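As structure tokens, the structure follows; a few thoughts come after it.
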Amino acid sequence: MNRLDKLQLIYPESYERDSLIRIQQEISKQVTIEDLFDKLQLIGGVDCALIKDSIICSVVVMDYKTMEIIEKASVIEPVAFPYIPTFLSFREAAPMINAVLQLKNIPDILMIDGCGINHPRTAGLATHIGVSMDIPTIGIAKNILCGVSDEPEYVSDAKALMYNRIQVGWYLKSSKRSNPIVIAPGHRVSIKTSLTIVRNCLRGYKLPEPTRNAHLEAGRIKQEIKNEQ
DNA sequence: GCGACAG
DNA sequence: ATCTTGTCGC
């Protein structure tokens, strides 16, 4: 696949529903959920916030072992596409990728706020970004888009998330009071490893540290912008 | 046909 | 996602 083809996965030439579905089919054709990474030293969290007709996207790079923040980067861009369930990528993938491209330290894996392979066409936001950039990704969602799962009962407990009778991820009780979160491979990470990595990034909050910090950072920037206008 | 539906 | 203070519960 050449550079232009890759660009069109993120900036479609047509926003017709059928064209977008064809792009998602191409993404799902290329995704792998084998563990394809050698080292895991730097992990990045990515999240977006909205302000009027703009989208703020922040990425926070952390040391996987110590959970120390290494670097942050953010972009703000006009919103290019509305929110339509199962088509979130066409709204958030481009700004997220642009934020990651600002970084000096490219993370070994990205934790992205959204679905991975737990998507009707196996092409959630984390998978879309993973395949487009050819980088390992994990999807972290607060709600189930598709699939079914039993309720995890105690902190750190996880139940399989099933879709079409196959496991596509996990429903994880990440903290004492919060509702469970949804974990799934995005790209180049196995179902089993995605859970292990997320568990290792939990520090008593609902969200794993990389995603939690990205969420906080995007929120801070949003406040700054609000205060000066 | 009806309802559900990441952010 | 976003609009938003207090408030119930551990």
_Using 23 Å as the Cα-Cα cut-off, could you pick out the over-long pairs in A:Lys142/A:Lys176; A:Lys142/A:Lys222; A:Lys39/A:Lys192; A:Lys173/A:Lys226?_
A:Lys173/A:Lys226
*asked:* Expected output is a single nm value to one decimal: the length gained when fully extending between A:Asp18 and A:Thr66, i.e. 0.36 nm times separation in residues minus the C-alpha distance. What is it?
replied: 12.8 nm
_Can you sort A:Thr127, A:Thr122 by solvent-accessible area, 1.4 Å probe, largest first?_
A:Thr122, A:Thr127
*Using a/c under 1.5 as the rounded threshold, could you call chain A rounded, prolate or oblate? The axes a ≥ b ≥ c are square roots of the C-alpha gyration tensor eigenvalues, and prolate needs a/b larger than b/c, oblate otherwise.*
rounded
*Any idea which of A:Val60, A:Gln41, A:Ala158 is furthest toward the positive side of the dipole for chain A, if Lys and Arg beta-carbons carry +1 and Asp and Glu beta-carbons -1?*
A:Ala158
*Taking only DSSP H segments of four or more residues, each worth -39500 (n - 2.57), what value at 222 nm results for chain A once the sum is divided by all its residues, to the nearest 500 deg cm²/dmol?*
-10000 deg cm²/dmol
*asked:* Let's see if you can work this out: charge +1 on each Lys and Arg Cβ, -1 on each Asp and Glu Cβ, no other charges. What is the dipole magnitude of chain A about its Cα centre, in debye to the nearest 20?
replied: 440
*Would you mind telling me the share, in percent, of accessible area of the stretch A:1-60 contributed by carbon and sulfur at probe 1.4 angstrom?*
48
*How large is the accessible surface per residue of the stretch A:58-117, computed with a 1.4 Å probe and reported in Å² as a whole number?*
41
*Residues of the stretch A:183-229: accessible area per residue at 1.4 Å, in Å²?*
48
*Just flag the chymotrypsin sites (Phe, Trp or Tyr not before Pro) in the stretch A:67-149 sitting in loop per DSSP whose Cβ has no more than 12 other Cβ atoms within 10 Å.*
A:Tyr83
*Round to a whole angstrom and tell me the spacing of the C-alpha centers of the stretch A:118-137 and the stretch A:47-94.*
15
*asked:* Taking a ≥ b ≥ c as the square roots of the Cα gyration tensor eigenvalues, with a/c under 1.5 meaning rounded and otherwise prolate when a/b beats b/c, else oblate, which class fits the stretch A:132-212?
replied: oblate
*Name the shape class, rounded, prolate or oblate, that the alpha-carbon gyration tensor gives for the stretch A:95-172, where a ≥ b ≥ c are the square roots of its eigenvalues, rounded holds for a/c under 1.5, and otherwise prolate holds if a/b is larger than b/c and oblate otherwise.*
prolate
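The values are calculated or read from the model by the stated rules, or taken from the named source; none is laboratory data. Please read these numbers as outputs of a predicted model, since none were measured by experiment. Glycine also receives a Cβ, built like all others from the backbone with ideal geometry; neighbour counts cover every protein chain displayed. Areas reflect the complete protein model, heavy atoms only, side chains present, ligands, DNA and RNA absent. Shrake-Rupley method; radii C 1.70, N 1.55, O 1.52, S 1.80 Å.
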